[in-house]
Amino acid sequence: MSLGTSFLEQVNQAFDRASAYTRHDPTLLANIKACKNVFYTSFPIKRDDGRIEVMHAWRAEHSHHKLPTKGGIRFAPDVDSEEVQALAALMTYKCALVDVPFGGAKGGIRINAKQYSVNELERITRRYAFELVRKNFIGPGLDVPAPDVGTSSREMAWIADTYSQLRSGELDALGCVTAKPISQGGIRGRTEATGRGVFYGVREAVSIAEDMKALGLSTGLAGKRVVIQGLGNVGYHAAKFFQEGGAVIVGLSESEGAIANPRGLDVEAVMAYRKEKRSLVGAPGSTALARREDALELDCDILIPAALERQITQENAPRIKAKILVEAANGPTTPEADDILDQRGVMVISDAYINAGGVTVSYFEWVKNLGHVRFGRMQKRFEEGAYYRLLEAVEDVTGRKFTPSEIDRLTHGASEEDLVNSGLEETMISAYHPIREVWKQHGGKANLRTAGMIVAIDKVAASYEQLGIFP
Ligand code: NAD
């Protein structure tokens, strides 16, 4: 059985488990679960040395109940049809949970990006974008990709440019892809959005005294011992925000190995060391672990897998010591491991909710692209003027003069980044409570993952019911 097939089964099992708690018609549930379109293409590219290589690439659109569809593009050696379908389905449930008005999609090319030069990657990305355009699998109102494993804003800029060249004159062309560089229509705060969203979501979950008491933990992030697997886009930013939020990072793992320090690792120092030595092993103030997987089993309060799917399995789940597992990666826990963690009373904050920060800010970027104006541009100075006049009035009434630094702080008008972070914080906090309520309603029978899936299914089902069937 391939890794991809199992991952698709994993997502579908989570869906089936949650559907059993709902009262929706079985055919409606079957319709929601099924992936609507899968596009496969193979194309040749020329390597720098003149050799020709054949690429295999996919794009899956899981649900069209809301358009456009939305989801990342990954460059990884084990991408296949089932994997993109599983990830596309997760995107549908994720968007529903955080009220982002998109259906789910996902794409990928089966390559190890590290084995290609930048020029080769550009040729691969642009040809993939060209194939997507030809088959109507990309467009601001159709399907809007974003980065995922092995891709970043660089690839998104190439995609946006390829699309714009092919659809010259299309006014909203820049909305065809998100997480672009700022100068290419991107939005401030997108790069760190997923990691920041993980931080906001966990901060909210650990603020609830009743739930923390059940785990034998105090409320708040301060002093919580955290282990993070993967220091890519999501893992690095999550690590940074947790450290800034007062948590103690006691373990970090990457593809080359893992390190620990029960008194805490400094994330920036580890990153700087890794950049120089191309490995985090040996970073100052750390002890190297025998195997990179050992980090998952370190003594800690919060474990954050932020690398790849299927990292917590029935083999290592019995040895996980964390009380809270935070699925920053997509699908890091197998269903068998999930059952073991459930029996052991581990609180699992699942991927569909906790890593939704990226798609939330991608939605803000798409709205910005369609509006053709930067958030904050119209009101920032106006707000500052209004606050300033208010301070002057307070000074007149009280006779007290504000210092220049107080004036700066109190009259600050919202910039694009302030608005994005505020919208993200609001989204992650307000999305958590309906999930928790369903979890509590089922009196512990359905865990948090299932509760999240129930909330998502209810929302998607409501859309399908209102839409009816065409023709
Ligand atoms: P990335 O490629 O930037 O980072 C992944 C990191 O994990 C890399 O640094 C890689 O070296 C490391 N890694 C790979 N195998 C490992 C292993 N066995 N042990 C430890 N480290 C390992 O990718 P990313 O964008 O950070 O995505 C990570 C996960 O988060 C994926 O599951 C992705 O689908 C999910 N995700 C990403 C976003 C986003 O906005 N980028 C949003 C939602 C979910």
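Read-outs throughout are calculated quantities, based only on the coordinates presented, and are distinct from any laboratory measurement. Not measured: the values here are computed from a predicted model. Using ideal geometry, Cβ is built from the backbone for each residue, glycine included, and neighbour counts are taken over all protein chains shown.
Structural remarks
- Prolate/oblate/rounded call for region 367-441, Cα gyration tensor, a/c under 1.5 rounded: oblate
- What separates the Cα centres of region 422-471 and region 61-94 is a distance of 19 Å.
- Region 100-190: trypsin sites (Lys or Arg not before Pro) in DSSP coil with no more than 14 other Cβ atoms inside 10 Å: K135
- Estimated from the Cβ-Cβ distance and a Förster radius of 60 angstrom, the FRET efficiency linking S255 and R389 is about 0.60.
- The helix-only estimate of mean residue ellipticity at 222 nm for the chain, built from DSSP H runs of length n ≥ 4 each weighted as -39500 (n - 2.57), is -14500 deg cm²/dmol after division by the residue total.
- Neighbourhood net charge (14 Å Cβ-Cβ; Lys/Arg +1, Asp/Glu -1) for E9: -4
- Loop-located trypsin sites (Lys or Arg not before Pro) in region 386-471 (DSSP state not H, G, I, E or B) with no more than 15 neighbouring Cβ atoms inside 10 Å: R400, K401, K445.
- Rounded, prolate or oblate (a/c below 1.5 giving rounded, otherwise prolate when a/b exceeds b/c) for region 416-471 by Cα gyration tensor: oblate
- Judged by the mean number of other Cβ atoms found within 10 Å, the most tightly packed of the peptides 158-164, 278-284 leads the ranking 158-164, 278-284.
- Charge sum, other residues only, whose C-beta stays under 10 Å from T41's C-beta, Lys/Arg counted +1 and Asp/Glu -1: +3
- Segment Q13-H56, length gained on full extension (0.36 nm per residue, minus Cα span): 12.7 nm
- Among the GluC sites (Glu not before Pro) in region 266-356, those located in a DSSP loop and surrounded by at most 12 other Cβ atoms within 10 Å of their own Cβ are E315.
- Rounded to 5, percent antiparallel among DSSP beta bridges of the chain: 45 percent
- Charge tally around K401: other residues with Cβ under 11 Å, Lys/Arg +1 each, Asp/Glu -1 each, net -3.
- Put in line by how crowded their Cβ is, counting other Cβ atoms within 10 Å and starting with the fewest, L325, L467, L87 read L467, L325, L87.
- As a proxy for reagent exposure, ranking V348, V177, V359 by other Cβ atoms within 10 Å from fewest up yields V348, V359, V177.
- Tensor-based shape of the chain (alpha-carbon gyration tensor, a/c under 1.5 rounded, otherwise prolate or oblate): rounded
- Chain lengthening between K114 and D48 when straightened (0.36 nm per residue, less Cα-Cα): 22.3 nm
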